[in-house]
């Protein structure tokens, strides 16, 4: 299991390649939520999401161990992050994407220096192909969340929050496969165990919620949520035990709540975020996370959104 020292080491490894993202505040958001809200702005991170933290930590380890080729299976934030850091380190990278991948996301991967290969329509198609390519070319496959180096890298978000907001009471974290929240849990609970960590999932992608309820990893059918970065079918083998041990709760938000949060953040804070990042704001606006007398940090996990699709992510 990942430990605090792994996260502290990861921070030193990735420091030169990432931003320490700022904490943003909005008096109107505080008033609307009836809570004191602080926005950890990972949408302003390099490559547009927190994913660069874990990807950098994992790819740098691969480089130290002699890897000369990197693969990943993702058309989204993870793929962009792996392509970016591999390019910075001078390592060729192939990102395996679905045949119907969004052109804007593919263009971003290519702009960061990654080679794109199309394969199938699901992760069940893409992941084996990415692993096969790595094996054939003596390379390394970088998974999106279920890997110690990924978890440790994402945990650096937690270290930053504790430094930027030392009296934080609650941290609200979007949950997909669990890499981000498991890293934050590991860091924060080791330093300030009294801080509450609340996960947020879409109602239509509630695999972690169900897994925690049943006490075992539970898969769900494919989600159609607009929060596309949170559409994993089940939590990871490495991430889930960490959630079981440390998480203080997980809440679900509806599609309408996500859309209204998107609109609020864009209109009132002038920050362009993706729907996955809006889930935490949706939870506090709906009164599902944190109490009125608590300082609440909400992680805006990413800002990579296709502007042509933005209208579908806002209320009608």
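A short reminder: the numbers here are calculations on the coordinates, not readings from a lab. Computed from a predicted model, the values in this text were never measured in an experiment. All Cβ positions, glycine included, derive from the backbone under ideal geometry; neighbour counts span all protein chains shown.
General remarks:
- Taking a ≥ b ≥ c as the square roots of the eigenvalues of the alpha-carbon gyration tensor, the range 35-94 is classed prolate because a/c is 1.5 or more and a/b outweighs b/c.
- Computed E for residue 138/residue 88 - FRET, C-beta separation, R0 25 angstrom, nearest 0.05: 0.75
- Using the empirical formula 2.2 N^0.38 Å as the baseline, the Cα radius of gyration of the chain reaches a ratio of 0.92.
- Centroid-to-centroid, using Cα positions, the range 239-316 and the range 112-134 are 29 Å apart.
- Each Cα pair under 8 Å and six or more residues apart adds its separation to the average, and for the chain the resulting relative contact order is 21 percent.
- The range 177-316 shape via C-alpha gyration tensor axes, a/c threshold 1.5: oblate
- To the nearest ten degrees, helix 77-88 and the longest principal axis of the Cα atoms of the chain are 50 degrees apart.
- Dimensions (Å) - the range 51-141, Cα atoms, principal axes, largest first: 34, 24, 18
- For the peptides 80-90, 254-264, the ranking by mean Cβ contacts within 10 Å, running from highest to lowest, is 80-90, 254-264.
- The slack between residue 191 and residue 244, meaning 0.36 nm per residue of separation minus the straight C-alpha distance, is 17.3 nm.
- Gaussian network model of the chain, Cα within-10 Å springs - most flexible of 131, 270, 105: 270
- The range 1-122 shape via C-alpha gyration tensor axes, a/c threshold 1.5: oblate
- Radius, Kirkwood style, for the range 251-292 when every pair of distinct Cα atoms is counted (Å): 10.1
- Along principal axes, Cα extents of the range 119-230, largest first, whole Å: 49, 34, 26
- Inter-site label distance for residue 19 and residue 316 at 7 Å from Cα along Cβ, in nm: 3.6
- Convex hull volume of the C-alpha atoms in the range 196-260, normalised per residue: 80 Å³.
- The range 51-141: relative contact order as a whole-number percent, Cα under 8 Å and 6+ apart: 32
- Multiplying the residue separation of residue 263 and residue 117 by 0.36 nm and removing their Cα-Cα distance gives an extension gain of 49.1 nm.
- Label point distance in nm, residue 291-residue 254, each placed 7 Å from Cα along Cα→Cβ: 2.7
- The chain - share of DSSP beta bridges that are antiparallel (%, nearest 5): 10
- Full extension of the chain between residue 104 and residue 30 gives 23.3 nm of extra length, using 0.36 nm per residue less the Cα-Cα distance.
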